[in-house]
Amino acid sequence: MRYYLIIIFFCNSFLFANFSSSNEVDIYKKIDLFGEVLEKINNEYVDEIDQSESMDSAINGLLQSLDPYSAYMSPEIFNEMQTETSGEFGGLGIEVSMESGVVKVISPIDDTPASRAGIKAGDYIVKIEDIQVQGKTLSEAVDLMRGPVGSSIELTVRRRGEKKAITFNIIREIIKIQSVKSDLLEKDIGYIRLTSFNENSSEQIEDKIKDLEKNQDIKAYILDLRNNPGGLLSQAIKISDFFLENGEIVSTKSRQVSENRKWFAKKGDLTNGKTLIVLINYGSASASEIVAGALKDHKRAIVLGENSYGKGSVQSIIPLKNKGAIRLTVAKYYLPSGESISEVGVSPDIEINEEGDDFRIKTDTDNQLSYAIKLLNG
């Protein structure tokens, strides 16, 4: 028996070695093929090309073939990205990804040129000025949208449900992100609007809740996550924890089992268990979906609005030797129920279409918020 097992072991090892060797040879053949194609393009293409730019495009094409969120950033783009994360930058105010060869709007940011012009989550940007987006990389499209503050840009978009393309003329501005706003509605409903998950969001929300809790009449809260494209996972966990007493908030699963993680709530609900409604729409993505999903799964909140975007993956920024970087998907989010958010999103408990006539109060055009207030007032 021992002899038999040894034979199997050596046979398997031999087969694995042959497979590895064969696979390696195939990869080298593909590399040679790539070099041959690049040489043919360089020598025979109708126009002279920049080989360095062609290589950047090839690298980016490889990454974007994986998913819409993985991408290559040249040293210039990586440097600009680091500048933009400081919270003030020039631009239009939209979070975008690439889908089917065109730029897709994840969400417009509140009080920015894009949101004021009427750009909506889910819009496909098909033309920037007179340049077709089809065939461009995401980085190239973003570069086309950049420009001096005060300059104008024309975007042509395709929108769900619209037969004709829509054109927007937008003036670029300095984008200042204020992630948290609050108000007292109807004298007894605490309203908190979260537009992004940045480094200070949880501290700001904690302060807002404490201020609102000073009002002895407050009976419920509305957490508005509409058109919130996400941000830091750590902030999503902290903010979810503010409304939970215990239980799992979110987990991540990656290729490396040792890197799989789970996060749990600590005891202490800052709102003392008051009724909570969470507003979401198609522009609610990533960290927004973690918060809405966790609170829904624990039956801590009523989720109201539209199905969310469905960005349930974790991207890591990995610096490269050339001082550029790649943004690479390294894990996926899973809700306490075990469900993945990826390409599915979070479905609301009560579906109220943002643009429909399901419910309106007098001249109030925000039917989702109106319905939430009506629901809380019984």
It is to be established whether one or more residues within the stretch 140-149 are farther than 30 Å from A58 by Cβ, surrounded by fewer than 20 Cβ atoms within 10 Å (Cβ to Cβ) and assigned by TED's automatic domain parsing to the domain that holds P75. yes
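Does the stretch 319-339 hold any residues that are surrounded by fewer than 17 Cβ atoms within 10 Å (Cβ to Cβ) and touching a Phe, Trp or Tyr at 6+ places or on another chain (Cβ under 6 Å), and which are they?
Step one: filter the stretch 319-339 for residues surrounded by fewer than 17 Cβ atoms within 10 Å (Cβ to Cβ), giving 319-323, 330, 332, 337-339.
Result: no residue meets the conditions.
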Anything in the stretch 259-295 that is of a type in the set (K, R) and under 22 Å from N228 (Cβ atoms)? List them, or say none. K274
Being touching a Ser or Thr at 6+ places or on another chain (Cβ under 7 Å) and outside any loop (DSSP other than H, G, I, E, B) is the filter here; which residues of the stretch 95-121 pass it? E95, K104, I106, P108
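Conditions tested, residue by residue: (1) touching a helix residue (DSSP H, G or I) at 6+ places or on another chain (Cβ under 9 Å); (2) under 18 Å from I290 (Cα atoms).
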residue: D188; (1), (2): yes, no
residue: L194; (1), (2): yes, yes
residue: N198; (1), (2): yes, yes
residue: K210; (1), (2): no, no
residue: I218; (1), (2): yes, no
residue: D224; (1), (2): yes, yes
residue: N228; (1), (2): yes, yes
residue: F243; (1), (2): yes, yes
residue: I249; (1), (2): yes, yes
Look through S316, S284 and report the one residue that is in contact with a strand residue (DSSP E or B) (Cβ under 9 Å, 6 or more places away or on another chain) and either surrounded by 14 or more Cβ atoms within 10 Å (Cβ to Cβ) or closer than 30 Å to G378 by Cβ (or both). S284
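Which is assigned to a strand (DSSP E or B), modelled with pLDDT of 95 or more and among the polar types (S, T, N, Q), of S347, S251, S337, S288?
On the way: S347 fails: assigned to a strand (DSSP E or B); S337 fails: assigned to a strand (DSSP E or B); S288 fails: assigned to a strand (DSSP E or B).
Result of the check over S347, S251, S337, S288: S251.
Matching residues to (1) in contact with a Phe, Trp or Tyr (Cβ under 8 Å, 6 or more places away or on another chain); (2) part of a helix (DSSP H, G or I); (3) buried (at least 23 other Cβ atoms within 10 Å of the Cβ):
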{"position": "L184", "(1), (2), (3)": "yes, no, no"}
{"position": "D211", "(1), (2), (3)": "no, yes, no"}
{"position": "W263", "(1), (2), (3)": "no, no, no"}
{"position": "K266", "(1), (2), (3)": "no, no, no"}
{"position": "T271", "(1), (2), (3)": "yes, no, no"}
Residue check: is S258 in contact (Cβ under 8 Å) with a residue 40 or more places away in the chain and farther than 27 Å from I109 by Cα? no
F89: passes all of (1) within 24 Å of G61 (Cβ to Cβ); (2) out of contact with any Lys or Arg (no Cβ under 8 Å at 6 or more places or on another chain); (3) modelled with pLDDT under 85; (4) part of a strand (DSSP E or B) but (1)
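Considering each of I174, I125, I170 in turn, give the residue that is assigned to a strand (DSSP E or B) and free of Cβ contacts under 8 Å to residues at least 40 places away in the same chain.
Unique residue meeting the criteria: I125.
May I ask you to verify whether G161 is without any contact (Cβ under 8 Å) to a residue 24 or more places away in the chain and either within 15 Å of D123 (Cβ to Cβ) or outside any strand (DSSP E or B) (or both)? First the steps, then the outcome.
Details: without any contact (Cβ under 8 Å) to a residue 24 or more places away in the chain: yes; either within 15 Å of D123 (Cβ to Cβ) or outside any strand (DSSP E or B) (or both): yes.
Judged against the criteria, G161 is a match.
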Tally time: how many residues in the stretch 186-199 are closer than 30 Å to E80 by Cβ and either of a type in the set (K, R) or surrounded by 14 or more Cβ atoms within 10 Å (Cβ to Cβ) (or both)? 6
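The values are calculated or read from the model by the stated rules, or taken from the named source; none is laboratory data. Computed from a predicted structure; not experimentally measured. Cβ: placed from backbone, ideal geometry, glycine included. Neighbour counts: every protein chain shown.
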